[in-house]
Amino acid sequence: MDILNELLNIRSVSGDETAMTEFLHHHIVKRMDSWKVTPKLYFGPQYHDCLILKFGNPRTAVFAHIDTIGFMSRYENQLIPIGGPEIIEGAVLVGEDRLGPIRCKLFTRDEQIFHDFARPIERGTPLSFEQNIEIDGEFIQAAYLDNRLGIYNALKLCETLEDGWVVFSTYEEHGGGSMPFLLKFIMEEHPIKQALISDITWVTDGVLHGEGVAISIRDKFIPRRAFLNKIIQLAEKSEVPYQLEVEANGGSDGREVQFSPYAIDWCFIGAPEDNVHTPYERVAISDLESMIEMYRFLMANL
Amino acid sequence: MDILNELLNIRSVSGDETAMTEFLHHHIVKRMDSWKVTPKLYFGPQYHDCLILKFGNPRTAVFAHIDTIGFMSRYENQLIPIGGPEIIEGAVLVGEDRLGPIRCKLFTRDEQIFHDFARPIERGTPLSFEQNIEIDGEFIQAAYLDNRLGIYNALKLCETLEDGWVVFSTYEEHGGGSMPFLLKFIMEEHPIKQALISDITWVTDGVLHGEGVAISIRDKFIPRRAFLNKIIQLAEKSEVPYQLEVEANGGSDGREVQFSPYAIDWCFIGAPEDNVHTPYERVAISDLESMIEMYRFLMANL
Amino acid sequence: MDILNELLNIRSVSGDETAMTEFLHHHIVKRMDSWKVTPKLYFGPQYHDCLILKFGNPRTAVFAHIDTIGFMSRYENQLIPIGGPEIIEGAVLVGEDRLGPIRCKLFTRDEQIFHDFARPIERGTPLSFEQNIEIDGEFIQAAYLDNRLGIYNALKLCETLEDGWVVFSTYEEHGGGSMPFLLKFIMEEHPIKQALISDITWVTDGVLHGEGVAISIRDKFIPRRAFLNKIIQLAEKSEVPYQLEVEANGGSDGREVQFSPYAIDWCFIGAPEDNVHTPYERVAISDLESMIEMYRFLMANL
């Protein structure tokens with residue numbers, strides 16, 4: 001899990017994902033010749049901070065977002081959220097502006113959020129939770145498991161994938177916006193009819209740690225029943241532990257597949273976490289393992 | 001109105017519209033040779049659960065959504081809404097999971113919604129109001145007049161239509177998502193500049209039963225004035241009873257025409273109902289008749 | 001500033017922008033031969049009420065919306081907002097329906113908005129604040145500075161622009177909807193990678209009158225950091241007064257660039273106003289001048 005450790009230590013708040021893209025590019029170029037199939041790699045300014053891999057003859061695309069929630073400095077030591085971070089009194093935030101590295105604490109007053117850094121922070125500087133990784137035999141706990149684990153899953157999938165798109169998207173935590181051009185690109189390059197969203201979901205009263213990867217029947221949006229039935233049948237056949245999620249809220253890159261001008265079925269499949277969008281998100285390692293196995297099985301059989 | 005009766009008895013909650021699509025396909029194939037113009041029919045997995053008819057040389061497209069509001073089973077006998085159904089204590093819901101048919105009652109507790117079915121319902125099972133149709137000389141009352149009447153209107157239009165697209169869309173009640181690919185398809189196949197939304201609207205303090213079909217000047221969204229003027233002039237000329245609607249809220253497939261990457265004018269035209277999204281939606285038969293006549297006139301003259 | 005005076009006196013509430021488009025078309029055709037580069041002009045029904053100018057070989061597009069906020073007559077003397085106008089007791093509204101010109105006052109009762117016109121106003125008639133322009137040495141005050149000044153800036157830019165798209169969009173105040181087809185058009189005609197949003201922003205606790213044009217690091221949406229860095233570096237080099245804006249709310253045509261199926265970077269750059277969406281919006285003339293100079297510099301150097 002060395003690579004996971006590295007992924008967790010890179011900052012890439014929505015809108016400022018360049019460092020993560022460059023890390024992924026470097027890692028993939030170094031590794032891809034050892035993979036079962038060497039993918040075609042799409043990377044560079046025309047893809048903004050996204051990264052696209054094409055393996056063989058894709059029937060299905062996997063999307064993993066590389067951005068995280070965070071904060072941005074405003075005026076007079078104010079902070080405003082990027083995405084939906086938990087507002088935790090005293091949480092340690094880190095970042096960097098032109099004057100140097102930043103490490104400060106968050107505090108709130110009159111329902112506004114502030115930092116306590118000793119000097120003003122340049123306007124518009126992104127900050128994110130300080131990382132603190134704890135792994136034991138059963139759980140992994142860290143900031144940004146959402147969606148570092150989704151990236152990790154996608155990279156593990158790359159090792160053995162024969163046919164498929166693997167797409168690293170940006171901006172997911174803050175309303176999206178890269179999916180439309182990513183979808184246009186892959187649909188014009190080599191169209192597919194199916195998409196899986198490699199992302200992390202929530203532990204709720206029906207989705208529990210250790211019960212397997214969650215296959216989401218719905219969040220705020222509803223994938224097409226016909227496709228869900230196909231996924232669930234394959235999941236049964238796979239013998240990989242899984243649990244069915246039915247939520248009224250939440251969204252993912254799947255939303256943008258749904259509203260795209262392409263008839264692409266989609267499904268969110270990912271391990272559940274608790275302490276969502278805090279510095280101590282927590283996922284059961286067995287659920288991450290199920291996620292990896294499930295993606296391997298589905299991408300071969302869908 | 002035999003066909004309307006059949007339409008009203010098919011369940012097709014958003015995301016699970018396959019039964020309706022298959023019914024429509026079967027019906028259309030059986031009837032279309034008796035229509036004035038035999039349309040070209042687009043149907044199958046590449047259109048998901050949508051269905052598209054092309055008559056002659058289209059200048060205008062008519063959109064009728066085939067999905068309905070409903071509920072989905074969650075965990076521990078909980079239900080969550082699909083679209084915006086009225087939450088009515090004791091309302092009878094029907095559906096089916098792998099264990100068999102379901103008929104149960106809705107109840108609420110602590111602002112959560114539950115069913116009272118004697119056994120657990122499989123996670124993610126769609127349920128909808130039990131149908132109960134009442135027709136007298138003046139009114140039709142049933143669940144899902146929205147948008148079974150819009151479908152009915154589209155099918156009546158098919159009988160005499162010479163030039164036009166007739167499109168059966170999905171997911172309208174739950175945020176949409178099929179319109180973008182439907183619009184892309186028709187704009188690449190045979191582009192048009194005008195769209196009419198065949199759907200059912202609300203009785204309000206300005207839109208009344210029996211006053212004719214409603215031509216909507218706006219709901220949450222605002223069609224282009226230049227097109228509305230053209231529609232209203234034709235409506236005047238048609239001598240079909242109509243009323244003008246001006247609302248601040250609500251939406252339709254027109255929203256997705258507005259936000260599409262095509263310069264297509266759109267207008268919502270449909271009979272008004274009261275008891276919206278309940279099991280006893282109610283529409284004046286004369287308004288439905290005006291709707292049918294208005295579509296016939298507009299599609300010939302736009 | 002004669003042309004600004006004319007712009008301020010044309011009514012073009014969202015959805016009803018025809019008068020403004022025709023004015024701009026007339027003005028541009030009359031002037032464009034005196035400009036440094038004569039643009040190619042795209043105008044007509046296939047562009048709805050939008051207008052597009054292509055200068056030389058565009059690398060960047062400038063978008064200025066031509067619509068304004070306003071009101072629409074409903075039933076029984078009710079009004080509903082178009083966009084987000086301030087609801088000001090006694091504000092004078094003007095418009096016209098088939099019975100003639102309208103001038104009336106707005107009043108509220110039980111949280112509903114009404115007009116006091118002596119006769120009923122036709123359903124669906126757009127109304128807007130009566131114009132009242134005050135210019136002194138330091139400030140300009142009027143209704144609709146948002147976005148008449150953005151249009152004015154775009155027209156000033158046209159005089160010397162060598163390479164670039166200048167696009168006049170509609171519907172921005174009411175959710176948008178013309179940007180998707182405008183973007184498709186320009187990306188198919190002559191693609192670009194950069195977009196500037198010529199619009200007016202807010203005076204806040206960090207963005208003040210007289211401090212220069214605001215370069216927006218974010219509103220509700222977040223442009224890509226890599227592009228902001230480039231803009232800010234050029235802004236520094238330009239020596240034009242500017243200030244950096246960081247807001248949590250608000251949106252612009254930039255939103256639709258972000259969510260378009262094209263990898264186009266965008267940034268909102270505009271003078272700040274106070275009394276937003278009232279009849280007495282106020283902008284410092286020096287900030288407008290900075291806006292004009294900044295656009296000239298950026299369009300030449302981006």
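The values are calculated or read from the model by the stated rules, or taken from the named source; none is laboratory data. If you're wondering where the values come from, they're calculated on a predicted model, not measured in any experiment. No Cβ is skipped: glycine too gets one built from the backbone with ideal geometry, and neighbour counts run over all protein chains shown. The protein model used for the area step is the full one, side chains on, heavy atoms only, and it has no ligands, DNA or RNA in it. Shrake-Rupley method; radii C 1.70, N 1.55, O 1.52, S 1.80 Å.
Give the accessible surface of the protein assembly as shown per residue, rounded to a whole number of Å², with probe radius 1.4 Å and ligands, DNA and RNA excluded.
Working: 33050 Å² over 906 residues.
So the protein assembly as shown comes to 36 Å² accessible per residue, rounded to a whole number.
Can you find, among B:S169, C:L8, B:L288, the residue farthest towards the positive end of the dipole of the protein assembly as shown? Put +1 on the C-beta of Lys and Arg, -1 on that of Asp and Glu.
The residue sitting farthest along the positive end of the dipole is B:S169.
Under 14 Å from a point 7 Å along the Cα-to-Cβ line of B:E162: which residues of region B:270-302 have their amide N that close?
Under cut-off, by backbone N: B:296-302.
Can you spot the lysines whose alpha carbon is less than 30 Å from A:K54's alpha carbon? Ignore those fewer than 8 places along the same chain.
Counting by Cα, and skipping residues close in sequence, A:K54 has these lysines nearby: A:K30, A:K36, A:K40, A:K156, A:K184, A:K193, A:K220, A:K230, A:K237, B:K184, C:K184, C:K193.
Can you compute the FRET efficiency between B:T108 and A:I3 using 1/(1 + (r/R0)^6), with r the Cβ-Cβ distance and R0 = 51 Å? Round to the nearest 0.05. Working shown, then result.
On the way: r = 48 Å, r/R0 = 0.94.
Between B:T108 and A:I3 the formula returns 0.60.
If each label sits 7 angstrom from Cα along the C-beta direction, how far apart, in nm, is A:R119 from its counterparts in the other copies?
7.0, 7.0
Measuring label to label, 7 Å along Cα→Cβ, what does B:I80 give against each other copy in nm, shortest first?
For B:I80, the inter-copy label distances come out at 2.9, 2.9 nm.
Taking a label point 7 Å out from Cα toward Cβ, give me the nm distances from B:D2 to the same spot in the other copies, shortest first, one decimal.
With the label placed 7 Å along Cα→Cβ, B:D2 yields 7.4, 7.4 nm.
Pop out the carbon and sulfur fraction of the accessible area of region A:138-279 as a percent, whole number, probe 1.4 Å.
On region A:138-279, the fraction of accessible area on carbon and sulfur atoms equals 46 percent.
About its Cα centre, what dipole magnitude does the protein assembly as shown give when the only charges are +1 on Lys and Arg Cβ and -1 on Asp and Glu Cβ, stated in debye to the nearest 20?
2600
Could you compute the FRET efficiency for C:V92 and B:Q233, with r as their C-beta to C-beta distance and R0 at 30 Å, rounded to 0.05?
The calculated FRET efficiency here is 0.45.
Just how large is the dipole of region C:71-129 about the Cα centre, in debye to the nearest 20, putting +1 at every Lys and Arg Cβ and -1 at every Asp and Glu Cβ? Write down the numbers at each step before the final one.
Numbers: 7 positive and 9 negative charges, 42 e Å.
Around 200 debye, computed over region C:71-129.
If I take the rotation axis that carries chain A onto chain C, which residue of chain A has the nearest beta-carbon, and at how many angstrom?
Residue plus distance in Å, as requested: A:P261, 4.
Can you list the residues, at least 5 places off or on another chain, whose amide H is less than 5 Å from the amide H of A:A195, using H built in the peptide plane?
Amide H neighbours of A:A195, under 5 Å, 5+ apart: A:A61, A:D265, A:W266, A:C267.
Putting +1 on Lys and Arg Cβ atoms and -1 on Asp and Glu Cβ atoms, find which of C:T18, C:Y47, C:P58 reaches farthest to the positive end of the dipole of region C:17-70.
Of the options given, the answer is C:P58.
Would you compute, from DSSP H runs of 4+ residues alone, the mean residue ellipticity of chain C at 222 nm, taking -39500 (n - 2.57) per run and dividing by the full residue count, rounded to the nearest 500?
It lands at -9000 deg cm²/dmol.
Assign unit charges at the C-beta atoms only (+1 for Lys and Arg, -1 for Asp and Glu), then state the dipole size of region C:223-302 relative to its Cα centre in Debye, rounded to the nearest 20.
For this selection, approximately 380 debye.
Could you give me the ³J(HN,Hα) list for region C:14-19, computed from phi with Karplus coefficients 6.51, -1.76, 1.60 and θ = phi - 60°, whole Hz, x at Gly and Pro?
Computed from phi, the couplings for region C:14-19 are 3, x, 9, 9, 4, 4 Hz.
Would you kindly work out the equivalent ellipsoid of the protein assembly as shown from its C-alpha gyration tensor and give its semi-axes, the square roots of five times the eigenvalues, largest first in whole Å? Mind dumping the intermediate values first?
On the way: eigenvalues 327, 327, 132 Å².
One finds semi-axes of 40, 40, 26 Å for the protein assembly as shown.
Dividing the alpha-carbon Rg of region B:71-129 by 2.2 N^0.38 Å yields what?
Output field value: 0.98.
For region B:67-170, which GluC sites (Glu not before Pro) pass both filters: DSSP loop (anything but H, G, I, E, B) and at most 13 other C-beta atoms within 10 Å?
B:E76, B:E89, B:E111, B:E138, B:E162
Compute the projected area of the convex hull of the Cα atoms of chain C, averaged over all viewing directions, and report it in nm² to one decimal place.
15.5
State, to one decimal in nm², a quarter of the convex hull surface area for the C-alpha atoms of region B:148-302, i.e. the direction-averaged projected area. Please list the in-between numbers first.
Details: hull surface 34.3 nm².
Taking a quarter of the hull surface, the average projection is 8.6 nm².
Quick one: compute the contact order of chain A, relative version, from alpha carbon pairs under 8 angstrom and 6+ residues apart, as a percent. Intermediate values should be presented prior to the final figure.
Details: 684 pairs, mean separation 67.8, N = 302.
Dividing the mean separation by the residue count of chain A yields 22 percent.
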